[in-house]
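Peer 1: If you scroll down you'll find the structure; I have some questions about it.
Just so it is clear, none of the values below were taken in a lab; they were calculated from the coordinates. On a predicted model such as this, the values are computed, not experimentally measured, just so you know. A quick note on method: Cβ atoms are made from the backbone with ideal geometry, for glycine too, and the neighbour counts reach across all protein chains shown.
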Amino acid sequence: MAEFTIPKNGTICWRELATQNLSDAEDFYHEMFGWHLEQSKVTNMQYSEIHIDGKAVGGMMAIDENWGPEPPPSHWTAYVAVDSADETAEKITANGGTIRHGPFDAPGVGRIALASDPCGANFAIIQFERPS
């Protein structure tokens, strides 16, 4: 299993691809950059973790019927580590940003919110679960 340590507050810590064709995306990024892709052990959904030099740095998932009748195009999202997803979500809106979804719990991972800055650029925040 790849190494993963909980990053500091404010760190861009995870990159995630949501794609219309997961298999093609996996093949492309593996061939282009030699990324090692492995099914996540944290979730039961199909989620390919990106491992580089033995470290988990991101993931890939399929855009499927669960995304609704008008799913978005394939896209990358950068995640920023936070100490509190709920407090950070409040700060985002207080500073002119928008919370597009969440905060919500991702079992085995932490608490996540999808957001946009005041100019409309999308990003996500994540409060990682602490190991017991």
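Peer 1: In a shell of Cβ-Cβ distance under 10 Å around residue 111, excluding residue 111 itself, what net charge do Lys and Arg (+1) and Asp and Glu (-1) give?
Peer 2: -3
Peer 1: For the stretch 1-75, give the magnitude of the charge dipole about the Cα centre (Cβ charges: +1 Lys/Arg, -1 Asp/Glu; no others), in debye to the nearest 20.
Peer 2: For the stretch 1-75, the charge dipole is close to 420 debye.
Peer 1: Using a cut-off of 14 Å between beta-carbons, work out the net charge of the residues near residue 98 (Lys and Arg +1, Asp and Glu -1, residue 98 not included).
Peer 2: With Lys, Arg at +1 and Asp, Glu at -1, the net is 0.
Peer 1: Still on this structure: Just the number, please: percent antiparallel of the DSSP beta bridges in the chain, rounded to the nearest 5.
Peer 2: 75 percent
Peer 1: Nearest 10 degrees, 0 to 90: what angle lies between the long axis of helix 22-33 and the longest principal axis of the chain (Cα atoms)?
Peer 2: For helix 22-33, the angle is close to 80 degrees.
Peer 1: Using a Cα-Cα cut-off of under 14 Å, which aspartates and glutamates could be cross-linked to residue 41, ignoring same-chain neighbours fewer than 8 residues away?
Peer 2: Once the sequence-local aspartates and glutamates are set aside, what remains near residue 41 is 3, 49.
Peer 1: Okay, helix-only estimate at 222 nm for the chain: each DSSP H run of n ≥ 4 adds -39500 (n - 2.57), divide by all residues, round to 500 deg cm²/dmol; what do you get?
Peer 2: Estimated from H runs of four or more residues: -5000 deg cm²/dmol.
Peer 1: Say the dipole of the chain comes from +1 at the beta carbon of Lys and Arg and -1 at that of Asp and Glu; which of 92, 124, 34 then lies farthest toward its positive end?
Peer 2: Farthest towards the positive pole: 92.
Peer 1: So, by mean Cβ neighbours within 10 angstrom, what's the order for 117-126, 84-93 with the highest one leading? Let's see the in-between values first.
Peer 2: Numbers: 117-126: 14.8, 84-93: 16.4.
Most protected by this proxy first, the peptides run 84-93, 117-126.
Peer 1: Through the Karplus equation 6.51 cos²θ - 1.76 cosθ + 1.60, θ set to phi - 60°, convert the phi angles of the stretch 84-89 into ³J(HN,Hα) values in whole Hz; use x for Gly and Pro.
Peer 2: Per-residue couplings from phi come out as 9, 5, 5, 5, 5, 4 Hz.
Peer 1: Within straight cross-link reach of residue 91, meaning Cα distance under 24 Å, which lysines are found once same-chain residues fewer than 8 apart are removed?
Peer 2: Within the straight-line cut-off, residue 91 pairs with 8.
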